[in-house]
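Please read the structure below before turning to the comments.
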Amino acid sequence: MKLKQPKQTRMIGGVASLALLLALTGCGGSGTDEIAAEAKGPPANSNSQGASIGVSNLCWVEGTNPATLFVETTITDKSSGEEVPVFESVQIQPLQKVKNQETKLGEIIPADVVIADLNKADAIDPVTRQYATFVTGIDLCAAGLTIDATSVNANLRVQLFNSNNTYTNSKCTAMVDGGLKIGGMGLCQ
């Protein structure tokens with residue numbers, strides 16, 4: 001039995017076209033080392049990991065109809081090296097818990113902080129590496145707090161421009177034990 005060999009076709013024209021295309025787009029020949037280095041990012045021995053932050057929220061509820069959830073936020077610069085965080089946004093999503101199921105409450109809102117203030121060169125305390133603490137008040141009744149809610153919370157989301165982890169999320173820690181439990185209090189009746 002004779003085996004047939006696959007027919008080879010000449011690809012000179014295809015190879016020449018590909019070479020021309022690579023040369024025209026700057027992907028071939030001289031200069032490719034610089035482009036490849038840019039695409040790869042910093043060298044492997046570099047310590048550039050981008051900016052890093054820690055976020056903590058101390059929260060409490062005040063009042064009835066309207067009831068306000070206060071979120072006191074502290075952001076700490078945890079970057080190593082020379083990198084300083086560049087903030088893009090700080091937003092809060094109020095949350096409520098009904099029958100042990102946490103659901104979103106109302107819309108995502110901007111936190112009560114000016115992004116330009118966070119991005120100032122002297123915004124970080126040189127000793128604690130913390131930014132100035134800020135407090136955001138959320139009207140729970142306007143957000144749609146339901147009568148059967150047993151507790152409230154908030155998810156704060158910080159977006160950085162120059163971090164390997166673009167978003168940092170942080171929920172509330174109650175200011176006092178049980179401070180976010182609202183079952184039976186009738187806050188928005």
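Couple of notes before you dig in:
- Residues that are surrounded by 14 or more Cβ atoms within 10 Å (Cβ to Cβ) and part of a strand (DSSP E or B), drawn from region 98-122: VAL98, GLU102, ILE109
- Applying a threshold of 9 Å to beta carbon distances and a minimum spacing of six or more residues, or different chains, the list of pairs starting in region 71-82 at a residue that is free of Cβ contacts under 8 Å to residues at least 40 places away in the same chain and among the charged types (D, E, K, R) and ending at one that is open to solvent by 10 Å² or more (accessible area, probe 1.4 Å) and in a loop (DSSP other than H, G, I, E, B) reads GLU82/SER48.
- Pairs, first under 23 Å from PRO85 (Cα atoms) in region 127-155, second open to solvent by less than 70 Å² (accessible area, probe 1.4 Å) and part of a helix (DSSP H, G or I), C-beta under 8 Å, six or more apart: TYR131/LEU118
- Number of the exception - PRO94 against (1) in contact with a Leu (Cβ under 6 Å, 6 or more places away or on another chain); (2) part of a loop (DSSP other than H, G, I, E, B): (2)
- The number of residues in region 69-109 that are under 26 Å from ASP122 (Cα atoms) and touching a Phe, Trp or Tyr at 6+ places or on another chain (Cβ under 7 Å) comes to 4.
- Set GLU82, GLU72: member being among the charged types (D, E, K, R) and modelled with pLDDT of 95 or more: GLU72
- Among the residues of region 52-83, those that are open to solvent by less than 20 Å² (accessible area, probe 1.4 Å) and either touching a Cys at 6+ places or on another chain (Cβ under 7 Å) or outside any strand (DSSP E or B) (or both) comprise ASN57, CYS59, ALA67, LEU69, VAL71, SER79.
- Taken over region 126-171, the criterion of being within 21 Å of the chain's Cα centre (by Cα), surrounded by 16 or more Cβ atoms within 10 Å (Cβ to Cβ) and β-branched (Val, Ile, Thr) is satisfied by THR136, ILE138, VAL158, THR168.
The values are calculated or read from the model by the stated rules, or taken from the named source; none is laboratory data. For clarity, every value in this text was computed on a predicted model and none was experimentally measured. Neighbour counts run over all protein chains shown; Cβ positions are idealised from the backbone, glycine included. To get the accessible areas, we keep the full protein, side chains included, count just its heavy atoms, and leave off ligands, DNA and RNA. Shrake-Rupley method; radii C 1.70, N 1.55, O 1.52, S 1.80 Å.
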